[in-house]
Amino acid sequence: MPRGAVLFALLLAVSCKKQPAVGDLPPTATPATPAGAASPQPAGAATPQPAAGAHAFAAAQTPPRTLEALPDGRLVMGPFSLVLPAGWTTVPVTSNMRAANFQLPGKPGEQPQLLVTYFGPKGAGSIDDNVGRWIGQFTQPDGKPSRDVAKIEKPQFAGQDAVVVTLSGHYAAPSMGGGGSAIDKQDQALLAAIVASPAGPYYFKVVADKPTIAANTAAFRALLASLTLR
């Protein structure tokens, strides 16, 4: 084979490799190109357009930041303000995809956190896609489909449509941040929600052992109920 054809084949093979998934991000959210790395898009080439309904949001590190506190004690999170439940604390976030992290009370040595993510005005996939992804991270000890035992509610918070998902079982998911070992734990439970806003949907998710989730369910719901638009 001529040398030029060999080089072309090698370049084609490299360009077809998929980028690795990053932690628990939806499949439509893509990692940013590392600083100093060459862009995979050739100079002068047309920028590829996403498929209809798709939305790419590049992950990037940011300086640590926390939620602003209003004079009345409410915390500001994007277009919302909220009341922090008693016993919960805020944790600085360092990703442009993270709207907030909340530390929940838990067993000694454990640090369960409610993670709130935001992917821009279009969000990251449909509500069904995200709910299905969360449910797909759980399996049931009796072999039943997790979809059949998941509780899916459709309330409103701050006058905005929302979906709340609760589920328990064997939890298996990629590690957060895309590094280290995958998560694989028995007897876990999920509290999750998607809340619409004028700026786009916000995604709330915490997974922990069942007693911890049971002890924090009322506070989780109270936080959602406290959301108001600013």
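The values are calculated or read from the model by the stated rules, or taken from the named source; none is laboratory data. Because the structure is a prediction, the values reported are computed rather than measured. Note that we place each Cβ from the backbone using ideal geometry, even for glycine, and neighbour counts take in every protein chain shown.
Number of residues in the range 106-131 that are within 18 Å of residue 173 (Cα to Cα), outside any helix (DSSP H, G or I) and either touching a Cys at 6+ places or on another chain (Cβ under 8 Å) or at pLDDT 95 or above (or both): the value is 5.
Of all residues in the range 148-174, exactly one satisfies the criterion of being more than 21 Å from residue 221 (Cα to Cα) and loosely packed, with under 14 Cβ neighbours inside 10 Å, namely 148. When the range 189-211 is filtered for residues that are surrounded by fewer than 20 Cβ atoms within 10 Å (Cβ to Cβ), more than 14 Å from residue 158 (Cβ to Cβ) and touching an Asp or Glu at 6+ places or on another chain (Cβ under 8 Å), the ones remaining, listed by number, are 205, 209, 210. Can you report the number of residues in the range 101-126 which are in contact with a strand residue (DSSP E or B) (Cβ under 8 Å, 6 or more places away or on another chain) and surrounded by fewer than 17 Cβ atoms within 10 Å (Cβ to Cβ)? Qualifying residue count for the region: 4. Of the candidates 98, 74, the single residue that is surrounded by fewer than 18 Cβ atoms within 10 Å (Cβ to Cβ) and basic (Lys, Arg) is 98. Among residues of the range 166-183 that are farther than 17 Å from residue 134 by Cα and modelled with pLDDT under 95, those with a Cβ under 7 angstrom from a residue that is among the polar types (S, T, N, Q) and surrounded by fewer than 18 Cβ atoms within 10 Å (Cβ to Cβ), sequence gap 6+ or separate chain, pair up as 181/175. Of the strands (runs of 3 or more DSSP E) that lie entirely inside the range 132-212, those containing 2 or more residues that are over 23 Å from residue 104 (Cα atoms) span 160-173.
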